[in-house]
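Notes to accompany the following structure.
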């Protein structure tokens, strides 16, 4: 089975406090720690497991710049057979549909049975997988947390729905699935693995290679544009306990007693 | 102004709470709008849902088809593409079904798409100014959406407050417009969650841990505090993803809904999916080393500290206090 996994490099929210820059038009990007978008990593692991069981190859692809090559290499160190970078100045400022349009052009250059994405990116909106499927006229399932290969033509997939329940579906290949975290346990990638793929060439394709009209993607094609960032409060805000550690603990114990949190 | 449609999610003949929220959101986009509810399904359950919506929607479009009995986004999308006029704004609740449906629907309607909208700030011609949250709720963003060829907007459940007096709407049967529906994806069954060793929904006090617990062995720190308090240990999604606790301990929209008296959120950032699982207005204590953690915005009391240090100290202090009073 030929599997394509679409991945993204994003600021890692478990490693960073995300703050606004001084002008408020973006987040402060200096000193941010970037990593592969977490659900995408689960998608790659799932692809590797399916390929190991059923044969086939795993290709990882991202839309971005040279800086994004590091996540392709990371996923190749995990075991992906090849990485591909889709990069062009004309791609800058793409909205979700723009990214899906670029990916569609790449998918159509090859022959993939299965296309996986992560369910969502830290700053994104759980959109590219569903859009890509619709552009390709492939069937789609989101929030996928189990995949069983039934035969060469279809899969059985579980979707995570409310209350810990799982919705089971049968889906024809080729299809697009967006993968939920927790579907597997992504393998560890060591420095040694990264070094082994450090010099592997990563093919790069631009708009003309992919036959994409530059008006359909990037800033020009975007109907959804971010204007600025700001900080808003969800609620009234907590009373932050101040003082020494001991004072804080004493105050908390008092409050817990008052609120029925301890006897 | 574009017509506004609300896609109604329903189950067992009852409309989801989001139905009332979508009307409110539609009025925010256009105070003069008469939003239309679209309900797909079949049989008496569908009829019951349509009937119940007449008090909040002036028009309820009923789309009945045997193929729409089960929640298959591919089939429902086909039906909507046939029924919804071009250029419309379609509102959908941002939950598991909306995530399945809307991105593809926007492509087939040639409409713009914005997901997980939490606010609507204004309209200028065919440009909508919307609010989203990014990076797990640490920052918000204004987004401009060009609605000139229509838009599909996924709205976060709970973000728009229902409002407005009851009206007397009509049900319009649009079933004949769908034609034959076929899909390359087939619904099989819904498998219900397995019961766990501990029922976190039955506990008055929860010590809930998130990514900040860092590794499986540290769960013991939370277990000790919980034992001291007579509480249970629950958790957020990353802890289940890492297989440190079973799924039955997860609080959130894809896990359990809990109603404790006291909820201690330890090293949990506070995503909306997690917060959606906390009901009954408990006293919330948030402990997190990141002062920007969204949980501090909704908690009653916050402590900026590393839980790996703080929780054992708290446990010891409680034990000391108890020891002294015996």
Worksheet item: So if we plug the beta-carbon distance of residue A:246 and residue B:14 into 1/(1 + (r/R0)^6) with R0 = 51 Å, what FRET efficiency do we get, rounded to 0.05?
Response: 0.50
Worksheet, complete the sentence: Expressed as a whole-number percentage, the relative contact order of chain B with C-alpha contacts under 8 angstrom and at least six residues apart is 14 percent
Discussion item. Give me A:162, A:17, A:46 sorted ascending by neighbouring Cβ count inside 10 Å, so fewest comes first.
Written reply: A:17, A:162, A:46
Discussion item. How many angstrom lie between the Cα centre of segment A:220-263 and the Cα centre of segment B:238-275?
Written reply: 16 Å
Worksheet entry | Full-extension gain in nm, residue A:239 to residue A:31, via 0.36 nm per residue minus C-alpha separation | 71.9 nm
Worksheet entry | Burial ranking of peptide ranges B:259-266, B:20-27, A:96-103 (average Cβ count within 10 Å, highest at the top) | A:96-103, B:259-266, B:20-27
Worksheet item: Any idea what the relative contact order of segment B:200-325 is, in percent, if you count C-alpha pairs under 8 Å spaced at least 6 apart?
Response: 25 percent
Worksheet item: In what order do A:22, B:234, B:88 fall by count of nearby beta-carbon atoms within 10 Å, going from fewest to most?
Response: A:22, B:88, B:234
Response to the item:
Using eta = 0.890 mPa s and T = 25 °C, Stokes-Einstein with Kirkwood Rh from Cα pairs puts D for segment A:86-201, in µm² s⁻¹, at 154 µm²/s
Practice prompt. Starting from the Cα gyration tensor of segment A:39-87, multiply each eigenvalue by 5, take the square root, and state the resulting semi-axes largest first in whole Å.
Written response: 20, 10, 8
Fill in: Per-residue mean of C-beta atoms belonging to partner chains within 10 Å, peptide B:136-148
6
Practice prompt. Let me know the volume per residue of the alpha-carbon convex hull for segment B:100-161, in Å³.
Written response: 91 Å³
Worksheet item: What is the distance, in nm, between label points placed 7 Å from the Cα along the Cα-to-Cβ direction at residue A:12 and at residue A:257?
Response: 4.3 nm
Practice prompt. Starting from the Cα-Cα distance between residue B:69 and residue B:176, subtract it from 0.36 nm times their residue separation and give me the gain in nm to one decimal.
Written response: 36.9 nm
Worksheet item: 222 nm [θ] for chain A, helices only, -39500 (n - 2.57) per DSSP H run of 4+, per residue, to 500?
Response: -8500 deg cm²/dmol
Worksheet item: To the nearest 0.05, how large is the calculated FRET efficiency for residue A:213 and residue A:149 if R₀ is 45 Å and r is the Cβ-Cβ distance?
Response: 0.80
Worksheet item: Which of rounded, prolate, oblate describes segment B:66-142, given a ≥ b ≥ c as roots of the alpha-carbon gyration tensor eigenvalues and a/c under 1.5 marking rounded, otherwise prolate only if a/b is larger than b/c?
Response: oblate
Discussion item. Taking R0 as 30 Å, what FRET efficiency do you get between residue B:47 and residue B:148 from their Cβ-Cβ distance, rounded to the nearest 0.05?
Written reply: 0.25
Worksheet entry | Cα-based helix-to-principal-axis angle, B:219-229 vs chain B, degrees rounded to 10 | 80 degrees
Worksheet item: Taking Cα centroids, how far is segment A:64-109 from segment A:1-58 in Å?
Response: 12 Å
Worksheet item: Taking N as the number of residues in segment B:159-300, what is its alpha-carbon radius of gyration divided by 2.2 N^0.38 Å?
Response: 1.38
Fill in: Set of segment B:231-251 residues, backbone N closer than 19 Å to the point 7 Å along the Cα-Cβ line of residue B:204
B:231-234
Discussion item. What Kirkwood Rh does the protein assembly as shown have if only Cα atoms enter the pairwise 1/r average? Answer in Å.
Written reply: 25.0 Å
Worksheet entry | For segment B:100-221, alpha-carbon Rg and Dmax in angstrom | 21.6, 61
Worksheet item: Which percent of the Cα-Cα distances in chain A go past 30 Å?
Response: 37 percent
Discussion item. Need one number: % antiparallel among DSSP beta bridges in the protein assembly as shown, to the nearest 5.
Written reply: 40 percent
Discussion item. Averaged over its residues, how many other protein chain Cβ atoms are within 10 Å of peptide A:14-21's Cβ atoms?
Written reply: 4
Response to the item:
proj_area_mean for segment A:58-153 (convex hull on C-alpha atoms), units nm², value 6.9 nm²
Worksheet entry | Peptide A:111-123 - average C-beta neighbours from other chains (10 Å radius) | 1
Worksheet item: Which whole-number percent is the relative contact order of segment B:4-177 (Cα, under 8 Å, 6+ apart)?
Response: 28 percent
Discussion item. Please list log₁₀ I(q)/I(0) at q = 0.12, 0.17, 0.21 Å⁻¹ for segment B:1-143, using the Debye equation with identical point scatterers on the alpha-carbon positions.
Written reply: -0.48, -0.96, -1.43
Worksheet entry | Rg/Rh ratio calculated on Cα atoms of segment B:230-326 (Kirkwood radius) | 0.99
Discussion item. With 10 angstrom as the radius, rank B:105, B:68, A:32 by how many other C-beta atoms surround their C-beta, starting from the fewest.
Written reply: A:32, B:68, B:105
Item to complete: Give me the angle, in degrees from 0 to 90, between the Cα long axis of helix B:96-108 and the longest principal axis of the Cα atoms of chain B, rounded to the nearest 10.
Response: 40 degrees
Worksheet item: What number, rounded to the nearest 500 deg cm²/dmol, is the helix-based mean residue ellipticity at 222 nm of chain B, given -39500 (n - 2.57) per DSSP H run of at least four residues and division by all its residues?
Response: -8000 deg cm²/dmol
Worksheet item: Using alpha carbons only, how many degrees (0 to 90, rounded to 10) separate the axis of helix B:18-29 from the longest principal axis of chain B?
Response: 70 degrees
Worksheet item: Could you work out Rg/(2.2 N^0.38 Å) for segment A:162-263, with Rg from alpha carbons only?
Response: 2.06
Practice prompt. Could you tell me the convex hull volume per residue, in Å³, taken over the Cα atoms of chain B?
Written response: 151 Å³
Worksheet, complete the sentence: Per GNM of chain A with C-alpha springs under 10 angstrom, the most fluctuating residue out of A:128, A:227, A:157 is A:227
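Computed from the coordinates by the stated procedures, all read-outs in this text should not be read as laboratory data. In this text, all values refer to a predicted model and were calculated from it rather than measured experimentally. FYI the Cβ positions are ideal-geometry reconstructions off the backbone, even for glycines, and counts take in every protein chain you see.
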